[in-house]
Amino acid sequence: MSTPAAEGPDPRLTPEPPLRSFTEEARRPKGIEWYRTPLPPGAMKALHVRSDLLGAAQTVGYLAVLAAPAVLAVRAGLAHAWGWAALGVFLYGVVAAFLINGVHELGHNTVFRSAWLNRWFCRLLAFLGWINHELFEVSHVRHHRYTLHPPDDEENPLPIRFTARDFFKGCIFHYGFFIHAIRKMVRLARGRFEGTWEQTLFPTDQPAIARPAILWARVVVTGHLAILVVSLIKGWWIVPVLISAGPFFGNGLFLLCNNTQHIALPSHNTDFRLCCRTFTLSPFVQFIYWHMNYHTEHHMYAAVPCYRLGKLHRLIRHDLPPTPHGIAAVWREIAAIVRRQQSEPGWVFQPTLPSASRSAPA
């Protein structure tokens, strides 16, 4: 995962040229032999253990953090305390922007040991975030298998760009992305798949593949419409503002976290250390980000639960490029790369690997 909606190009970022056409060969992509840092004996099994208790701590804990500003917004809104209501909605949006990361992890079926809990909470978070998890999961399988190898991976159309304008547009309320999310869900509910990537994932000659995505889109559209109608009847105007529009407020922190994953890194190689980025965060931000700051580790061993990625990082960091600490540090590094790429269009950044490490051939 990288772009916020991970269902295709994120409209919160600077628009890119249209996707290129897929050839018949691209529709039958061959596998890639990825380099993965070897793990100590016994570590592989221990790291892959899924826990309903730890899964609940992550998922219910995240929902509790999300619920706190929601309660503030609803209570203040019903009491006509407009300033507190606005603050509650904004803080709700700061946390709700990370719903896609929860959907991503639950969609990997790694958070809970019980499969039904992964499915149930995945749908709950997807509904709250206007996310079509069925489309996302089909796309994301390709993203992991062919990371930054277009046209087999077009989840993040290259080159990935993130500008100051993109950031500031998302800091308060991104009206354009809100409208885009509604229109896209309505379009999918009507069974219309647009763009090369969507049409490749859901070929017109295989309608059964598209049915789950269509049905889920109808659930989301119908559910949010029902919330709007009931709220208007009851006079609870704050409820649809919070539940339906809330995830599109205060996206700045999310954009700074999520857009680190692959930006300015080289494509078409076979080493996750070169095309994915890891950095460390404060415990709270890492928690609401679902530990996706350990993005290299996640791509190397995608079946490791998110709450064990820190341990995985400590086991393999001797084999990784230098790990920046904090959002400011990682974006200073990214900005330096982007500036050089702009001044030297042919220059390709190569992350520094440990001298004793073996890099997979490009």
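The values are calculated or read from the model by the stated rules, or taken from the named source; none is laboratory data. In this text the structure is predicted, and so the values were computed from the model without any measurement. Quick reminder, even Gly has a Cβ in these numbers, built from the backbone with ideal geometry, and neighbours come from all protein chains shown.
Could you identify the single residue in Leu106, Leu72, Leu117 that is under 25 Å from Val221 (Cα atoms) and in contact with a helix residue (DSSP H, G or I) (Cβ under 6 Å, 6 or more places away or on another chain)?
Values: Leu72 fails: under 25 Å from Val221 (Cα atoms); Leu117 fails: in contact with a helix residue (DSSP H, G or I) (Cβ under 6 Å, 6 or more places away or on another chain).
None of the other options fit; the residue is Leu106.
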Exercise. Of the residues in the stretch 70-104, how many are more than 21 Å from Asn259 (Cβ to Cβ), in contact (Cβ under 8 Å) with a residue 40 or more places away in the chain and among the aromatic types (Phe, Trp, Tyr)?
Worked result: 1
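Within the stretch 47-60, is even one residue among the hydrophobic types (A, V, I, L, M, F, W, C), crowded, with 21+ Cβ neighbours inside 10 Å and at pLDDT 95 or above?
No, that holds for no residue.
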Problem set entry | Filtered residues of the stretch 262-285 (kept if in contact (Cβ under 8 Å) with a residue 24 or more places away in the chain, over 17 Å from His143 (Cα atoms) and assigned to a helix (DSSP H, G or I)) | Val285
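Check every one of the helices (runs of 4 or more DSSP H) wholly within the stretch 290-362 and list those with 2 or more residues that are surrounded by fewer than 20 Cβ atoms within 10 Å (Cβ to Cβ) and more than 25 Å from the chain's Cα centre (by Cα).
Working: elements: 295-300, 309-316, 327-343.
The qualifying helices (runs of 4 or more DSSP H) are 327-343.
This table checks each residue for (1) of a type in the set (A, V, I, L, M); (2) surrounded by fewer than 20 Cβ atoms within 10 Å (Cβ to Cβ).
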| site | (1), (2) |
| --- | --- |
| Glu155 | no, no |
| Arg161 | no, yes |
| Phe167 | no, yes |
| His174 | no, no |
| Leu201 | yes, no |
| Ala210 | yes, no |
| Val220 | yes, no |
| Gly223 | no, yes |
| Ile233 | yes, yes |
For this session: Just give me the residues in the stretch 270-302 being more than 23 Å from Arg332 (Cα to Cα) and out of contact with any helix residue (DSSP H, G or I) (no Cβ under 9 Å at 6 or more places or on another chain), in sequence order.
Result: Thr270, Asp271
Problem set entry | Per-region count, the stretch 254-283, residues touching a Cys at 6+ places or on another chain (Cβ under 9 Å) and surrounded by fewer than 19 Cβ atoms within 10 Å (Cβ to Cβ) | 3
For this session: Would you be able to tell me the number of residues in the stretch 225-268 that are out of contact with any Leu (no Cβ under 8 Å at 6 or more places or on another chain) and either on the phi < 0 side of the Ramachandran plot or β-branched (Val, Ile, Thr) (or both)?
Result: 28
For this session: Considering only the stretch 158-244, give the helices (runs of 4 or more DSSP H) lying wholly within it that have at least 1 residues that are within 16 Å of Ser139 (Cα to Cα).
Result: 175-189, 195-201, 207-234
Problem set entry | Single unsatisfied condition, Leu91 versus (1) within 20 Å of His180 (Cβ to Cβ); (2) touching a strand residue (DSSP E or B) at 6+ places or on another chain (Cβ under 9 Å) | (1)
For this session: Would you check if there is a residue in the stretch 163-179 being of a type in the set (Ser, Thr, Tyr) and either touching a Gly at 6+ places or on another chain (Cβ under 8 Å) or within 21 Å of Arg277 (Cβ to Cβ) (or both)?
Result: yes
Seminar exercise, completed: Filtering the stretch 163-182 for residues that are at pLDDT 85 or above and either in contact with a Ser or Thr (Cβ under 7 Å, 6 or more places away or on another chain) or closer than 14 Å to Gln261 by Cβ (or both) leaves a count of 0
